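First the structure, in the form of structure tokens, and then the observations on it.
The values are calculated or read from the model by the stated rules, or taken from the named source; none is laboratory data. If you're wondering where the values come from, they're calculated on a predicted model, not measured in any experiment. Using ideal geometry, Cβ is built from the backbone for each residue, glycine included, and neighbour counts are taken over all protein chains shown.
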Amino acid sequence: MDMNNFFNDLQSKINQAIENSPAKDIEKNVKSMMTQGFAKLDLVTREEFDIQAQVLAKTRAKLELLEMRLADLEAKSAAPK
């Protein structure tokens with residue numbers, strides 16, 4: 001038996017032992033509790049966060065442009081005629 005087969009066999013036996021042990025039930029229960037806890041926290045998904053970050057970046061760019069235009073208009077109106 002080569003080493004690759006040995007490790008594959010070992011991994012299979014470990015997975016089978018975990019499936020048949022209380023550890024699997026504990027994992028399911030912990031995942032369930034965490035899911036319920038996160039649902040109560042009103043969190044956003046990564047996709048929603050990324051979309052809002054893009055919207056914010058565009059808004060900042062527009063704000064900077066408007067600030068420059070306003071400064072230019074103020075400079076023009078303050079110039080002697």
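Overview of results
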{"quantity": "Hey, residue 5 out of contact with any Ser or Thr (no Cβ under 6 Å at 6 or more places or on another chain) and either surrounded by fewer than 10 Cβ atoms within 10 Å (Cβ to Cβ) or at positive phi (or both) or not", "calculated": "yes"}
{"quantity": "Qualifying residue in region 23-34 (condition: at pLDDT below 80, surrounded by fewer than 10 Cβ atoms within 10 Å (Cβ to Cβ) and either among the basic types (Lys, Arg) or within 28 Å of the chain's Cα centre (by Cα) (or both))", "calculated": "yes"}
{"quantity": "Residue satisfying condition, being of a type outside the set (Ser, Thr, Tyr) and at pLDDT below 90, within set 40, 76, 58", "calculated": "40"}
